[in-house]
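Right, one structure below, let's go through it.
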Amino acid sequence: MSKTMTLEVPVKFAYADPPYLGCSKKHYGHQHPDANLYDTLEGHRLLIEHLVAEFPDGWALSCTSGNLKDILPLCPKGVRIAAWVKPFAAFKVNVNPAYAWEPVIFMGGRKRGRDSETTRDWVAANITMRKGVSGAKPPQFCWWLFDLLGMEAEDEFHDLFPGSGSVLKAHEAWVQIRPLIQIA
């Protein structure tokens with residue numbers, strides 16, 4: 001009798017950090033011809049439909065606390081909300097309380113066993129400075145995001161809004177060190 005061995009196959013994940021609702025023209029209108037699409041709920045609805053259809057293994061979507069109430073109803077049942085807490089954030093004149101956290105809507109991800117370290121549904125990481133694009137994500141945020149989705153080094157990863165390239169750079173570094181972390 002032969003034993004059948006099941007191999008875990010790489011899966012496909014995506015991260016979307018689109019121009020935030022109402023901020024597209026202001027921050028990205030001069031850089032990208034389709035930026036205005038994300039100043040509409042229709043643009044975000046189409047993005048979420050794309051995430052659901054093309055990345056059933058798992059995906060994450062960043063938005064602002066100010067428009068979470070608008071974006072969340074566009075999402076399928078079963079999504080969760082995680083938080084990026086910013087100990088150091090940009091404070092704006094006459095904005096109090098400050099915007100010092102961002103929601104991350106996520107769905108799916110690799111199921112992990114009891115032998116895996118538990119990932120929190122929040123991360124505390126400072127904002128980046130002078131990356132050339134508003135909202136560039138820091139490496140600590142990115143590594144947390146990969147853990148949030150239960151990613152493995154051999155998985156396929158798509159950054160749908162590469163902007164500064166910081167998420168892909170963090171992913172490349174994470175892929176290099178991930179096998180070493182698992183051995184330790």
Considering ASP70, ASP115, which residue is in a loop (DSSP other than H, G, I, E, B) and either of a type outside the set (Lys, Arg) or modelled with pLDDT of 95 or more (or both)?
-> ASP115
More than 15 Å from the chain's Cα centre (by Cα), closer than 19 Å to TYR15 by Cβ and in a loop (DSSP other than H, G, I, E, B): does that describe ALA136?
-> no
Mind checking which pairs have a first residue in segment 161-175 that is of a type outside the set (Lys, Arg) and a second that is crowded, with 16+ Cβ neighbours inside 10 Å and modelled with pLDDT under 90, Cβ under 6 Å, 6 or more apart or different chains?
-> GLY163/VAL133; SER164/VAL133; SER164/ALA136; SER166/ALA136
Just to be sure, is ALA82 assigned to a strand (DSSP E or B) and either free of Cβ contacts under 8 Å to residues at least 60 places away in the same chain or closer than 10 Å to PRO103 by Cα (or both)?
-> yes
Of the residues that make up segment 106-116, is at least one closer than 28 Å to ASP39 by Cβ and surrounded by fewer than 18 Cβ atoms within 10 Å (Cβ to Cβ)?
-> no
Across (1) surrounded by 14 or more Cβ atoms within 10 Å (Cβ to Cβ); (2) outside any loop (DSSP other than H, G, I, E, B); (3) modelled with pLDDT under 90, LYS25 clears everything bar (1)
Would you check if ASN96 is in contact (Cβ under 8 Å) with a residue 24 or more places away in the chain, loosely packed, with under 15 Cβ neighbours inside 10 Å, out of contact with any Gly (no Cβ under 9 Å at 6 or more places or on another chain) and not in a helix (DSSP H, G or I)?
-> no
Keeping to segment 118-132, report how many residues are surrounded by fewer than 18 Cβ atoms within 10 Å (Cβ to Cβ) and either closer than 21 Å to GLY165 by Cβ or modelled with pLDDT under 90 (or both).
-> 6
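The values are calculated or read from the model by the stated rules, or taken from the named source; none is laboratory data. Just so it is clear, the structure is predicted and the values come from calculations on it, not from any experiment. Cβ: placed from backbone, ideal geometry, glycine included. Neighbour counts: every protein chain shown.
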